[in-house]
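The values are calculated or read from the model by the stated rules, or taken from the named source; none is laboratory data. As the structure is a prediction and not an experimental result, all values here were calculated from the model. In case anyone asks, the SASA skips ligands and DNA or RNA and just uses the protein heavy atoms, side chains included. Shrake-Rupley method; radii C 1.70, N 1.55, O 1.52, S 1.80 Å.
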Amino acid sequence: MNKFNEDLCMRHSYNLLLGKKTLDELIEDTAELYLMFSPEKKHVPMVDDVYDTLINYFTHTEEYEKCAELLQAKMSL
């Protein structure tokens, strides 16, 4: 196994969580799939959940459009 890639983990998680890609598409597109949540379990929104973690990450990388999408998705749950 290669070294953990945080950026790939965040981007895979973002794409799957927002429905931009399916799990099958992610598996097909990459040799190593990193996710920060289990796609088999129903997500329960709470403070410091996967949405908040992704928002913090994309704020740090200055990808504010992604942050806005994540916030909107979390608020619509």
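Numbers for the structure displayed
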read-out: Accessible-area composition of the chain, carbon plus sulfur, in percent [1.4 Å probe]; value: 53 percent
read-out: Derived scalar couplings ³J(HN,Hα) [the range 57-65; Karplus, 6.51 cos²θ - 1.76 cosθ + 1.60; whole Hz; x for Gly, Pro]; value: 5, 6, 5, 4, 8, 6, 9, 5, 5
read-out: Over 19 Å between alpha carbons, listed pairs K42/K74; K41/K66; K21/K42; K42/K66; K21/K66; K20/K74; value: K41/K66; K42/K66
read-out: Placed amide H near M36: partners under 5 Å, 5+ positions off or other chain; value: S13
read-out: Under the Karplus curve 6.51 cos²θ - 1.76 cosθ + 1.60, θ = phi - 60°, whole-Hz ³J(HN,Hα) for the range 38-46, x wherever Gly or Pro sits; value: 8, x, 7, 9, 5, 7, 10, x, 7
read-out: For the chain: accessible area per residue (Å², 1.4 Å); value: 71 Å²
